[in-house]
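S.K.: Can you keep this structure in mind? I'll have questions shortly.
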Amino acid sequence: MREPLVILSIHPEYAEKIFSGIKQIELRRSRPKFSPGTIVLVYSTAPVQKIEGFFIVSQIIENTPESLWNDYSDLCGVTEDEYQTYFNEALQSYGLFVSKAIRFPRPISLHDFQDICPGFFPPQSYRYLRPDQPAYDLLRKKCLRST
């Protein structure tokens, strides 16, 4: 069976850092329910509102926020203040190691994506796109052509 694709909502400034190679770890407060090797589609939130490209998760780490920052701050693409604010009062932190971040030559607008996948709304964090959904094959092919 084919693996689901994951659509991850990311603020535009951080999406840009992922595609430029500055941000090599995507940070999350909750444990992702996917594994290394997963294709993650990057949905850049407002005001961009487009699926701009994708990356492949090469590794997922779990640690305390303090330890993750001490070990990987140079790969996080955020300032220490941004990091502390994001993980405020969190007991655990998660890092998705970014591999093969590729920006689509023609990003897919939210409106166009909703034409392909009616009823789609961007996730607060992430959402699976299953193989039985109409947009799955289109997006998977788009990712594979880009690699």
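The values are calculated or read from the model by the stated rules, or taken from the named source; none is laboratory data. Only a predicted model underlies this, so the values are computations on that prediction, with no experimental measurement involved. Using ideal geometry, Cβ is built from the backbone for each residue, glycine included, and neighbour counts are taken over all protein chains shown.
S.K.: Suppose we keep only residues that are in a helix (DSSP H, G or I) and touching a residue at least 24 places away in the same chain (Cβ under 8 Å) within region 17-28. Which one would you say is farthest from PHE87 (Cα to Cα)?
M.R.: Per the criteria, the residue is PHE19.
S.K.: Failed condition for SER35, given (1) part of a helix (DSSP H, G or I); (2) of a type in the set (Ser, Thr, Tyr); (3) at pLDDT below 95, with all others met?
M.R.: So SER35 meets the others, but not (1).
S.K.: For the subset of region 87-133 comprising residues that are within 12 Å of the chain's Cα centre (by Cα) and of a type in the set (Ser, Thr, Tyr), which member is modelled with the highest pLDDT?
M.R.: Among those that are within 12 Å of the chain's Cα centre (by Cα) and of a type in the set (Ser, Thr, Tyr), it is SER99.
S.K.: Ok, one more. If LEU96 meets every condition in (1) farther than 19 Å from SER146 by Cα; (2) touching a Leu at 6+ places or on another chain (Cβ under 6 Å) apart from one, which number is that one?
M.R.: (2) is the only condition that LEU96 fails.
S.K.: Additional query: Name every residue in region 103-116 that is β-branched (Val, Ile, Thr) and buried (at least 17 other Cβ atoms within 10 Å of the Cβ), in order of residue number.
M.R.: Matches in region 103-116: ILE108 only.
S.K.: May I pose another question? Is it the case that region 76-91 has a residue that's touching a strand residue (DSSP E or B) at 6+ places or on another chain (Cβ under 9 Å), in a strand (DSSP E or B) and on the phi < 0 side of the Ramachandran plot?
M.R.: Within region 76-91, none of the residues are touching a strand residue (DSSP E or B) at 6+ places or on another chain (Cβ under 9 Å), in a strand (DSSP E or B) and on the phi < 0 side of the Ramachandran plot.
S.K.: List the pairs whose first member sits in region 72-100 and is touching a residue at least 24 places away in the same chain (Cβ under 8 Å) and surrounded by 14 or more Cβ atoms within 10 Å (Cβ to Cβ), whose second member is part of a helix (DSSP H, G or I) and of a type in the set (Lys, Arg), and whose Cβ atoms are under 6 Å apart, counting only residues at least 6 apart or on separate chains?
M.R.: Cβ pairs passing all conditions: GLY77/LYS17.
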